[in-house]
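One structure is given here, and the rest of the page talks about it.
Readers should treat all values here as calculations from the given coordinates under stated rules, not as data from a laboratory. Quantities reported herein were computed from a predicted structural model and do not represent experimental measurements. Glycine also receives a Cβ, built like all others from the backbone with ideal geometry; neighbour counts cover every protein chain displayed.
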Amino acid sequence: MKKIGILLLAACMAISLAACKNVIPDSSLLGSFVQEEQSPTQEVEVQWVQVDNPVMTTAASSTYSGDRATHDAVNLLDGNTKTNWTEGVPGDGIGEYVEFGFYDSYLLNAIYIFPGNQYDKSRYLDNSRPEHVTVTFSDGSTMQFTLKDMMEGQAMVLSEPVVTDSVRITIDSVFHGSEYTDTVISDVAFDAYMPVFE
């Protein structure tokens with residue numbers, strides 16, 4: 001199930017994961033989770049619980065359909081780096097994006113990504129891989145990240161936790177493939193938390 005993807009990513013990025021675990025959110029973030037008005041003397045304790053898979057929907061600006069395999073955005077959530085999303089416009093896919101809609105608003109600490117076609121080394125080098133990406137959250141705020149040209153999972157650790165109900169990853173630049181211009185991402189997962197009020 002989806003937990004396989006989380007375990008896969010955690011194994012590849014244990015150091016980065018440890019760096020962003022157990023983040024206690026700023027109290028200002030609780031405004032996004034107001035449930036009911038409390039009396040001035042009543043304190044509400046919030047426990048943040050990790051969510052295995054916050055994603056309800058996937059969408060993409062374009063999708064490659066030039067062979068018998070599927071390259072849909074939903075492949076990014078299957079925990080299998082031998083499947084992928086591939087953008088489907090001519091050229092390197094600059095400006096193309098994949099978007100994830102969450103079940104609810106969650107506190108997000110990091111995004112884990114396997115850039116490129118990670119089926120094998122040959123296909124990784126043949127196709128283009130994202131180098132710079134922009135992450136856009138549901139409130140319109142953005143963060144930029146630079147990825148390494150390495151066939152492994154990478155952690156995009158947010159500069160500060162963000163409460164959001166969606167994430168868009170846009171391709172800004174690429175490492176060019178030796179054979180093809182199609183830009184590929186193989187897997188994505190999220191270090192996301194939901195509040196439990198006590």
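The listed peptides 125-136, 105-116, ordered by packing as a protection proxy, come out as 105-116, 125-136 (highest mean of other Cβ atoms within 10 Å first).
Figure legend: label point modelled 7 angstrom from the Cα of E160 along Cα→Cβ; residues of the stretch 73-113 with amide N under 16 Å from it are 107-110.
Spin-label model, F197 to S62: label points 7 Å out along the Cα-to-beta-carbon direction sit 4.6 nm apart. Other residues whose C-beta falls under 12 angstrom from the C-beta of S61 contribute a net charge of -2, scoring Lys and Arg +1 and Asp and Glu -1.
Put in line by how crowded their Cβ is, counting other Cβ atoms within 10 Å and starting with the fewest, S61, S186, S178, S159 read S159, S178, S61, S186. When the charge dipole of the stretch 57-107 is built from unit charges on Cβ atoms (+1 for Lys and Arg, -1 for Asp and Glu) and taken about the Cα centre, the candidate among T63, L107, T81 whose Cα reaches farthest toward its positive end is T81. Treating each Cα of the stretch 88-171 as an identical point scatterer and summing with the Debye formula, the log10 of I(q)/I(0) at q = 0.20 Å⁻¹ comes to -0.96.
Packing here is the average count of other Cβ atoms within 10 Å per residue, and on that basis the peptides 95-101, 149-155, 164-170, highest first, run 164-170, 95-101, 149-155. Model label sites at T134 and K148, defined 7 Å from Cα along the beta-carbon direction, differ in position by 2.6 nm.
Taking label points 7 Å from Cα along the Cα-to-Cβ direction, Y180 and Q50 give a separation of 3.4 nm.
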